[in-house]
Amino acid sequence: MENEIFNPGYYDEESLRKFNFKSIGKNVLIAKNCTIIGIENITIGDNVRIDGFSTIIAAGEGFLNIGSYVHIGGYSAIFAGAGVILRDYSGLSQSVKIYSKSDDYSGAFMTNPTVPAHLTGVISGTVVLERHAIIGSQSIIMPNIIIAEGTAVGANSLITKNTDEWSIYFGSPAKKIKNRKKNPLELEKSLR
(Lines give C-alpha, C1' and ligand atoms only; values in the text may rest on other atoms or scores of the structure.)
Protein backbone atom coordinates (compact mmCIF):
# COMPACT_ATOMS: atom_id res chain seq x y z
CA MET A 1 0.00 0.00 0.00
CA GLU A 2 2.68 2.52 0.89
CA ASN A 3 4.32 2.10 -2.54
CA GLU A 4 1.07 3.27 -4.12
CA ILE A 5 0.65 6.48 -2.13
CA PHE A 6 2.33 8.62 -4.79
CA ASN A 7 1.37 6.48 -7.79
CA PRO A 8 -2.06 7.43 -9.16
CA GLY A 9 -1.88 4.61 -11.74
CA TYR A 10 -3.66 4.21 -15.05
CA TYR A 11 -7.21 3.59 -16.19
CA ASP A 12 -7.31 0.48 -18.36
CA GLU A 13 -9.55 -0.12 -21.37
CA GLU A 14 -12.27 -1.74 -19.24
CA SER A 15 -12.50 1.34 -17.01
CA LEU A 16 -12.22 3.72 -19.97
CA ARG A 17 -15.20 2.16 -21.78
CA LYS A 18 -17.44 3.45 -18.97
CA PHE A 19 -16.43 7.08 -19.66
CA ASN A 20 -18.20 7.36 -23.06
CA PHE A 21 -15.28 8.03 -25.37
CA LYS A 22 -16.41 8.19 -29.01
CA SER A 23 -14.47 4.93 -29.39
CA ILE A 24 -11.77 3.15 -27.42
CA GLY A 25 -9.47 0.37 -28.62
CA LYS A 26 -7.68 -2.50 -26.91
CA ASN A 27 -4.73 -2.19 -24.55
CA VAL A 28 -5.28 1.51 -23.80
CA LEU A 29 -3.85 3.11 -20.66
CA ILE A 30 -4.54 6.68 -19.53
CA ALA A 31 -2.98 8.05 -16.35
CA LYS A 32 -5.56 8.83 -13.70
CA ASN A 33 -4.13 12.32 -13.15
CA CYS A 34 -4.77 13.57 -16.71
CA THR A 35 -7.30 16.29 -17.49
CA ILE A 36 -9.56 15.37 -20.41
CA ILE A 37 -12.43 17.55 -21.63
CA GLY A 38 -14.65 16.53 -24.54
CA ILE A 39 -14.36 12.75 -24.06
CA GLU A 40 -17.29 12.23 -26.43
CA ASN A 41 -15.17 13.75 -29.25
CA ILE A 42 -12.16 11.47 -28.74
CA THR A 43 -11.39 8.23 -30.60
CA ILE A 44 -8.50 6.04 -29.47
CA GLY A 45 -7.05 3.04 -31.32
CA ASP A 46 -5.23 0.03 -29.92
CA ASN A 47 -2.02 0.01 -27.86
CA VAL A 48 -2.14 3.64 -26.74
CA ARG A 49 -0.69 5.14 -23.55
CA ILE A 50 -1.23 8.67 -22.25
CA ASP A 51 1.05 9.53 -19.34
CA GLY A 52 0.42 11.63 -16.25
CA PHE A 53 -0.46 15.28 -16.00
CA SER A 54 -1.34 15.51 -19.68
CA THR A 55 -4.21 17.80 -20.71
CA ILE A 56 -6.53 17.13 -23.62
CA ILE A 57 -9.27 19.56 -24.59
CA ALA A 58 -11.55 18.49 -27.45
CA ALA A 59 -14.77 20.20 -26.36
CA GLY A 60 -17.50 21.66 -28.56
CA GLU A 61 -16.73 21.20 -32.24
CA GLY A 62 -13.22 19.96 -31.45
CA PHE A 63 -12.04 16.40 -31.91
CA LEU A 64 -9.05 14.18 -31.25
CA ASN A 65 -8.43 11.00 -33.26
CA ILE A 66 -5.60 8.83 -31.92
CA GLY A 67 -4.47 5.87 -34.02
CA SER A 68 -2.82 2.68 -32.77
CA TYR A 69 0.60 2.31 -31.15
CA VAL A 70 0.63 5.94 -30.04
CA HIS A 71 2.32 7.32 -26.92
CA ILE A 72 1.65 10.74 -25.37
CA GLY A 73 4.32 11.65 -22.83
CA GLY A 74 3.56 13.20 -19.47
CA TYR A 75 2.79 16.89 -19.12
CA SER A 76 1.78 17.15 -22.77
CA ALA A 77 -1.17 19.31 -23.83
CA ILE A 78 -3.40 18.85 -26.85
CA PHE A 79 -5.77 21.72 -27.54
CA ALA A 80 -8.00 20.15 -30.19
CA GLY A 81 -10.69 22.82 -30.66
CA ALA A 82 -10.21 22.64 -34.45
CA GLY A 83 -9.16 18.99 -34.45
CA VAL A 84 -6.00 16.96 -33.92
CA ILE A 85 -5.18 13.64 -35.59
CA LEU A 86 -2.36 11.39 -34.35
CA ARG A 87 -1.92 8.56 -36.86
CA ASP A 88 -0.53 5.08 -36.10
CA TYR A 89 2.97 4.88 -34.59
CA SER A 90 3.20 8.62 -33.94
CA GLY A 91 4.22 9.94 -30.56
CA LEU A 92 4.74 12.92 -28.31
CA SER A 93 7.58 13.12 -25.82
CA GLN A 94 7.13 14.90 -22.49
CA SER A 95 5.66 18.40 -22.35
CA VAL A 96 4.75 18.70 -26.03
CA LYS A 97 2.04 21.27 -26.83
CA ILE A 98 -0.28 21.03 -29.84
CA TYR A 99 -2.52 24.00 -30.65
CA SER A 100 -5.26 23.72 -33.26
CA LYS A 101 -6.35 27.30 -32.43
CA SER A 102 -4.30 30.36 -31.49
CA ASP A 103 -4.92 34.05 -31.03
CA ASP A 104 -3.56 36.50 -33.62
CA TYR A 105 -0.75 38.33 -31.81
CA SER A 106 -0.24 41.02 -34.50
CA GLY A 107 -2.33 43.60 -32.66
CA ALA A 108 -5.00 43.66 -35.38
CA PHE A 109 -7.47 41.98 -33.00
CA MET A 110 -8.21 41.55 -29.33
CA THR A 111 -7.10 38.31 -27.72
CA ASN A 112 -8.13 35.69 -25.17
CA PRO A 113 -11.23 33.54 -24.78
CA THR A 114 -13.09 36.02 -22.56
CA VAL A 115 -13.41 38.50 -25.46
CA PRO A 116 -16.37 38.05 -27.88
CA ALA A 117 -15.33 36.02 -30.95
CA HIS A 118 -16.14 38.79 -33.46
CA LEU A 119 -13.39 40.94 -31.90
CA THR A 120 -10.69 38.26 -32.10
CA GLY A 121 -8.77 36.91 -35.07
CA VAL A 122 -8.35 33.34 -33.96
CA ILE A 123 -6.18 31.28 -36.29
CA SER A 124 -7.42 27.70 -36.47
CA GLY A 125 -6.91 24.48 -38.39
CA THR A 126 -6.58 20.78 -37.83
CA VAL A 127 -3.14 19.48 -36.81
CA VAL A 128 -2.13 16.08 -38.23
CA LEU A 129 0.78 13.88 -37.20
CA GLU A 130 1.19 11.28 -39.91
CA ARG A 131 2.47 7.75 -39.31
CA HIS A 132 5.82 7.40 -37.53
CA ALA A 133 6.01 11.14 -36.74
CA ILE A 134 7.70 11.83 -33.40
CA ILE A 135 7.83 15.10 -31.51
CA GLY A 136 10.64 15.86 -29.03
CA SER A 137 10.20 17.17 -25.48
CA GLN A 138 8.83 20.67 -24.98
CA SER A 139 8.16 21.23 -28.67
CA ILE A 140 5.18 23.27 -29.84
CA ILE A 141 3.03 22.70 -32.93
CA MET A 142 0.90 25.58 -34.15
CA PRO A 143 -2.53 25.34 -35.89
CA ASN A 144 -3.19 24.00 -39.37
CA ILE A 145 0.02 21.97 -39.61
CA ILE A 146 0.74 18.57 -41.14
CA ILE A 147 3.70 16.73 -39.67
CA ALA A 148 4.51 14.41 -42.59
CA GLU A 149 5.10 10.67 -42.32
CA GLY A 150 8.33 9.82 -40.54
CA THR A 151 9.13 13.36 -39.44
CA ALA A 152 11.23 13.63 -36.27
CA VAL A 153 11.14 16.97 -34.42
CA GLY A 154 13.97 17.74 -31.99
CA ALA A 155 13.34 18.92 -28.44
CA ASN A 156 12.33 22.55 -27.82
CA SER A 157 11.31 23.14 -31.44
CA LEU A 158 8.54 25.39 -32.74
CA ILE A 159 6.66 24.00 -35.75
CA THR A 160 5.00 26.75 -37.81
CA LYS A 161 5.00 25.07 -41.26
CA ASN A 162 4.24 21.68 -42.75
CA THR A 163 7.15 19.24 -42.78
CA ASP A 164 8.66 16.93 -45.41
CA GLU A 165 8.41 13.15 -45.11
CA TRP A 166 11.20 11.24 -43.35
CA SER A 167 13.05 14.37 -42.30
CA ILE A 168 14.49 15.67 -39.04
CA TYR A 169 13.55 19.19 -37.90
CA PHE A 170 14.96 21.31 -35.12
CA GLY A 171 14.87 24.90 -33.89
CA SER A 172 12.57 27.81 -33.24
CA PRO A 173 11.15 28.12 -35.80
CA ALA A 174 12.05 24.56 -36.81
CA LYS A 175 14.02 23.93 -39.98
CA LYS A 176 14.89 20.69 -41.74
CA ILE A 177 18.38 19.62 -40.73
CA LYS A 178 18.65 16.23 -42.49
CA ASN A 179 16.80 13.17 -43.77
CA ARG A 180 15.62 10.39 -41.46
CA LYS A 181 16.02 6.64 -42.06
CA LYS A 182 12.88 4.71 -43.03
CA ASN A 183 13.62 1.59 -40.95
CA PRO A 184 10.37 1.93 -38.94
CA LEU A 185 8.41 0.97 -42.07
CA GLU A 186 10.06 -2.47 -42.08
CA LEU A 187 9.96 -2.84 -38.30
CA GLU A 188 6.20 -2.21 -38.12
CA LYS A 189 5.60 -5.38 -40.15
CA SER A 190 6.55 -7.44 -37.09
CA LEU A 191 3.50 -6.00 -35.28
CA ARG A 192 0.97 -7.29 -37.82
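The values are calculated or read from the model by the stated rules, or taken from the named source; none is laboratory data. Computed from a predicted structure; not experimentally measured. Glycine also receives a Cβ, built like all others from the backbone with ideal geometry; neighbour counts cover every protein chain displayed.
Counted as qualifying within the range 116-192 are the strands (runs of 3 or more DSSP E) with 1 or more residues that are free of Cβ contacts under 8 Å to residues at least 40 places away in the same chain and of a type in the set (Val, Ile, Thr), namely 167-171, 174-179.
Of the candidates TYR75, TYR105, the single residue that is of a type outside the set (S, T, N, Q), part of a loop (DSSP other than H, G, I, E, B) and on the phi > 0 side of the Ramachandran plot is TYR75. Within the option set THR43, THR114, being closer than 20 Å to VAL128 by Cβ and surrounded by fewer than 17 Cβ atoms within 10 Å (Cβ to Cβ) holds for one residue only, THR43. Within the range 47-70, residues that are assigned to a loop (DSSP other than H, G, I, E, B) sit with their Cβ atoms under 7 Å from residues that are among the basic types (Lys, Arg) and buried (at least 19 other Cβ atoms within 10 Å of the Cβ), at 6+ positions apart or across chains, in these pairs: GLY67/ARG87.
Within the bounds of the range 49-56, is there any residue that is under 17 Å from LEU92 (Cα atoms) and of a type in the set (Phe, Trp, Tyr)? Yes, that holds for at least one residue. Kindly evaluate ASP51 against the criterion of being surrounded by fewer than 16 Cβ atoms within 10 Å (Cβ to Cβ) and among the acidic types (Asp, Glu). No; evaluated as a whole, the condition is false for this residue.
In this structure, LYS182 does satisfy being more than 25 Å from SER102 (Cα to Cα), surrounded by fewer than 17 Cβ atoms within 10 Å (Cβ to Cβ) and either at pLDDT 95 or above or of a type in the set (A, V, I, L, M, F, W, C) (or both). Of all residues in the range 25-39, exactly one satisfies the criterion of being among the hydrophobic types (A, V, I, L, M, F, W, C), farther than 17 Å from ALA59 by Cβ and in contact with a Ser or Thr (Cβ under 8 Å, 6 or more places away or on another chain), namely ALA31. For the range 80-98, the set of residues classified as in a strand (DSSP E or B) and surrounded by fewer than 22 Cβ atoms within 10 Å (Cβ to Cβ) consists of ILE85, GLY91, LYS97, listed by residue number.
Could you go through the range 30-39 and let me know if any residue there is of a type in the set (Lys, Arg), out of contact with any Lys or Arg (no Cβ under 7 Å at 6 or more places or on another chain) and assigned to a loop (DSSP other than H, G, I, E, B). Checked the range 30-39: at least one residue is of a type in the set (Lys, Arg), out of contact with any Lys or Arg (no Cβ under 7 Å at 6 or more places or on another chain) and assigned to a loop (DSSP other than H, G, I, E, B). Among the residues of the range 100-115, those identified as of a type outside the set (Gly, Ala, Ser) and in contact (Cβ under 8 Å) with a residue 12 or more places away in the chain are LYS101, ASP103, ASP104, PHE109. Looking only at the range 77-100, residues that are more than 14 Å from ILE159 (Cβ to Cβ) and hydroxyl-bearing (Ser, Thr, Tyr) come to 2 in all. Which condition number does LYS26 fail, the rest of (1) part of a strand (DSSP E or B); (2) of a type outside the set (Ser, Thr, Tyr); (3) under 24 Å from LEU191 (Cα atoms) being met? If we test LYS26 against (1) part of a strand (DSSP E or B); (2) of a type outside the set (Ser, Thr, Tyr); (3) under 24 Å from LEU191 (Cα atoms), just (1) comes out false. Restricting the range 67-78 to residues that are under 8 Å from the mean Cα position of the chain (by Cα) and buried (at least 20 other Cβ atoms within 10 Å of the Cβ), the residue that is farthest from SER102 (Cα to Cα) is ILE72.
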